[in-house]
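Comments concern the structure below.
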């Protein structure tokens, strides 16, 4: 089944912007705040909205894949989304969807592999706890239908720091194309990107096939993109370069842009 819908979601409310006393885990080597309790509610509400939008195009059980930035606020958001989707969902941690690694935002970064392994271990513990709770007929926040693809190989293997704006835009475009091709090859009907504010804008520009002035992206803002013509893997007006084998260029229609009307304030 070809891709029917692509969703781009900014992460939910981050803790360090609310609790000024929050301190990062120094052993991790990078600032990586979680989401707040309100952020968890935002993710759940966004999951409800996703459910309705997915059903518009997929009345039967769709194959869904979430590509998320490996930062905790995005992973936490992804779990909240998946909780509200009553279908099999695959989750992949994708380095290429990471925050813009500018010196303005980060004093230092750790190796990307360190961040990935840290969160994979955390996810495995959450899964184990969820299995144990369900065995005791206790409710768990971690959805049983969420499959973590621990073997996923990211498009990018390492962080580039410091990263300039042009390189960040190129990273998101290369990642977008590679993830879409992978999802299409694996017959995933619904692709969900969970990323950061600057990344949401970069991904949308990729679907527009042009650079635009960035829009404000609120927490859990939701964009929806769908093919506007029969599925094609042919390039459009892009010049050939080293990434041509990754390109997937159907004509896309952006049906929803940075919307947060599904959230209760």
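May I ask you to list the residues in the range 2-25 that are assigned to a loop (DSSP other than H, G, I, E, B), without any contact (Cβ under 8 Å) to a residue 24 or more places away in the chain and either touching a helix residue (DSSP H, G or I) at 6+ places or on another chain (Cβ under 7 Å) or surrounded by fewer than 14 Cβ atoms within 10 Å (Cβ to Cβ) (or both)?
19, 20, 21, 22, 23, 24, 25
For the range 169-182, residues that are touching a strand residue (DSSP E or B) at 6+ places or on another chain (Cβ under 9 Å) and either assigned to a loop (DSSP other than H, G, I, E, B) or over 23 Å from residue 220 (Cα atoms) (or both) total 1.
Can you name the residue in the range 183-198 that is in contact with a strand residue (DSSP E or B) (Cβ under 8 Å, 6 or more places away or on another chain) and in a helix (DSSP H, G or I) and, of all such residues, is farthest from residue 85 (Cα to Cα)? The residue in question is 197. Do the conditions hold for residue 28, that is, is it surrounded by 15 or more Cβ atoms within 10 Å (Cβ to Cβ) and either in contact (Cβ under 8 Å) with a residue 60 or more places away in the chain or out of contact with any strand residue (DSSP E or B) (no Cβ under 8 Å at 6 or more places or on another chain) (or both)? When the stated conditions are applied, residue 28 does not pass them. Evaluating residue 204 against the criteria (1) surrounded by fewer than 19 Cβ atoms within 10 Å (Cβ to Cβ); (2) more than 23 Å from residue 84 (Cα to Cα); (3) out of contact with any helix residue (DSSP H, G or I) (no Cβ under 8 Å at 6 or more places or on another chain) leaves one unmet condition, (1).
Please find, within the range 144-172, the residue that is farthest from the chain's Cα centre (by Cα) out of those that are within 22 Å of residue 213 (Cβ to Cβ) and either crowded, with 18+ Cβ neighbours inside 10 Å or at pLDDT below 95 (or both). Ranking the candidates gives 163 first.
The values are calculated or read from the model by the stated rules, or taken from the named source; none is laboratory data. For clarity, every value in this text was computed on a predicted model and none was experimentally measured. Cβ atoms come from the backbone with ideal geometry, glycine included; neighbour counts cover every protein chain shown.
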